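Each value in this text was obtained by applying a stated rule to the coordinates, not by laboratory testing. Note that the coordinates shown come from a computational prediction; the quantities given were computed from them, not determined experimentally. Here the Cβ is made from the backbone with ideal geometry for all residues, glycine too, and neighbour counts use every protein chain on show.
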């Protein structure tokens, strides 16, 4: 247990005597009652691997931070105390102080905001984590994370609106604020609260307004929508703020005051309206996910259309299925999925712990996505093994081993169709949860139907290309006409391009009018990457017109195949650029940073000039 000093000051102790029955979200504050009596009372938490139950009488009630913005002087003592207690390296901080400011001299106002994990009632980090590293405890309502269980995917850092989980690229794992439960057990407030010089931070049972405070609001300027995760933090902010306040970090977001007194994020065009290519900046630590999503979608599209088309009696697809090229097609499908899963594994901070990615199937879309793709691969693999004996490349070998009766009896055909049919729902589940992984309220740029349009569109575009690449040689070997197969691939590509284009139009329309960070992402898209964005859009339209023209002309000769190849290469380039933009553009609903700390622009500047080589600066290499 935590050792209490003999000279511990009075302000460091918790002082809750009476508590409310329910919180702001109308949930019971008593966490035993909230669990329906299922949570055990007086359970040992084994803090620091030590048994024992503390003396806190409110041990099973939801606790929360209270932040008085009027009192915060921006000294960062809370950050230092937190980092010292948790022995954090310079680039990791569970609590950080940022600020917003506005007005003009002499009526200029700055408001500091100290923020850590808010131990939410509906912790989205817990639901998102595929390894099950998070637990919402009935003790204090603390949301605790086990770094040893974590394999470093960073998904919790995506879904959290407050940038509370911290991904350490050096250790390859996430860690976060643990509410100082070891101190709470002996009646002490968290280290950050005890260190606060301006009496801005306080702590206790949620909804208990601290002494000499008159407000317990759930939102202040710069704080994301509390409905995302129902955070357990309360604010007081009585000083008048300007109608518009700005962030000092590099994020192009500012906040406008609404009629109800709340502040809404809007675009801050602090970097002007000039447009650039910035091709090099399209490369990011999410590059493995670019490959994973595109290659998996290509595999799904190719198999879905080939198998279903064969079952529906489409002659050209039946000819492909009956040809020697069908097994290579299945191998390509498996290879694309395999490369995709390998890339997603290499994206992890601890790749050798990939097997933990199925620990949270109850909640995590990441788990369900991975399971769907994995089962799809198994079914396609079994389907391929079942069609091998009837494939000309392997038929003689199987006839010599098993005889011709087994092949002629149709048993393996039925087995192949069975596993092929199973692969369809498995792949659909994988694709659906791939889409659900990005419907994140904390990342408004992704949280749009465009994500679905894009994923389905690329499945059709890239799947059509795969079918054409393997199908054209198959039909040529059988001296069959190519028109029908090229028609199917062309229709797939055209449909996919229309889906992608429709999604882009809806996305641009909604992001232009959005009152959230999605509008800031779209501003970056139209300026920092403006020329790349425009080129992608123009090529999308050109590719669609080219596909329609080739379909109308019915070109299947050498010139036609060359034209189809050019369009296919252009479509692949568009898909790569579009998916890279998807990852680099997203602006999350994180809290405002300071001029140096939690400022992406400063971090990049530090890397550019070599300042990042000094560990004490707190900037690590831009790697995962």
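Some notes on this structure:
- If R0 is 45 Å, the Cβ-Cβ spacing of residue 479 and residue 535 corresponds to a FRET efficiency of close to 0.65.
- Here segment 305-329 and segment 68-88 have alpha carbon centers that stand 64 Å from each other.
- Global form of segment 7-66, assessed from the alpha-carbon gyration tensor, a/c cut-off 1.5: oblate
- Working ranking of peptides 2-15, 64-77 by packing, defined as the average number of other Cβ atoms within 10 Å per residue, highest first, is 64-77, 2-15.
- Applying 1/(1 + (r/R0)^6) with R0 = 56 Å to the Cβ-Cβ distance of residue 505 and residue 414 gives a FRET efficiency near 0.80.
- Shown here are the Rg and Dmax of the Cα trace of segment 289-398, at 16.1, 49 Å.
- Rounded to 5, percent antiparallel among DSSP beta bridges of the chain: 90 percent
- Mean separation of Cα contacts under 8 Å (6+ apart) over length of segment 280-585, as relative contact order %: 23 percent
- Modelled spin labels at residue 545 and residue 148, positioned 7 Å past Cα toward Cβ, are 6.3 nm from each other.
- Contact order for the chain, expressed relative to its length and based on alpha carbon pairs under 8 Å spaced 6+ residues apart, stands at 17 percent.
- Most to least packed among 205-211, 451-457 [average Cβ atoms within 10 Å]: 451-457, 205-211
- Value of relative contact order over segment 226-381, rounded to a whole percent, pairs C-alpha under 8 Å and six or more apart: 17 percent
- Label selected from (1) 48, 27, 22; (2) 64, 30, 23; (3) 53, 30, 19, the criterion being semi-axes √(5λ) of the Cα gyration tensor in Å as computed here: (3)
- Backbone N within segment 309-332 under 12 Å of label point (7 Å from residue 487 Cα along the Cβ vector): 314-317
- Taking segment 225-239 and a reference point 7 angstrom along Cα→Cβ of residue 262, the backbone N atoms nearer than 12 Å belong to 225-228.
- Spin-label pair residue 15/residue 70, simplified geometry with 7 Å Cα→Cβ offset, distance in nm: 1.7 nm
- Residues 607, 353 arranged by fewest to most Cβ contacts within 10 Å: 607, 353
- Between residue 109 and residue 87, the simple label model (points 7 Å from Cα in the Cβ direction) yields a spacing of 4.4 nm.
- Cβ crowding within 10 Å averaged over residues, with 185-194, 592-601 ranked highest first: 185-194, 592-601
- The shape of segment 280-585 can be summarised by an equivalent ellipsoid whose semi-axes, obtained from the alpha carbon gyration tensor, come to 35, 25, 14 Å from longest to shortest.
- A helix-only calculation puts the chain at -14500 deg cm²/dmol for mean residue ellipticity at 222 nm, using -39500 (n - 2.57) for each DSSP H run of at least four residues, averaged over all residues.
- Sites residue 570 and residue 604, calculated FRET efficiency, Cβ-Cβ separation with R0 51 Å, nearest 0.05: 0.95
- Taking the C-alpha atoms only, the angle from helix 530-553 to the longest principal axis of the chain is near 20 degrees.
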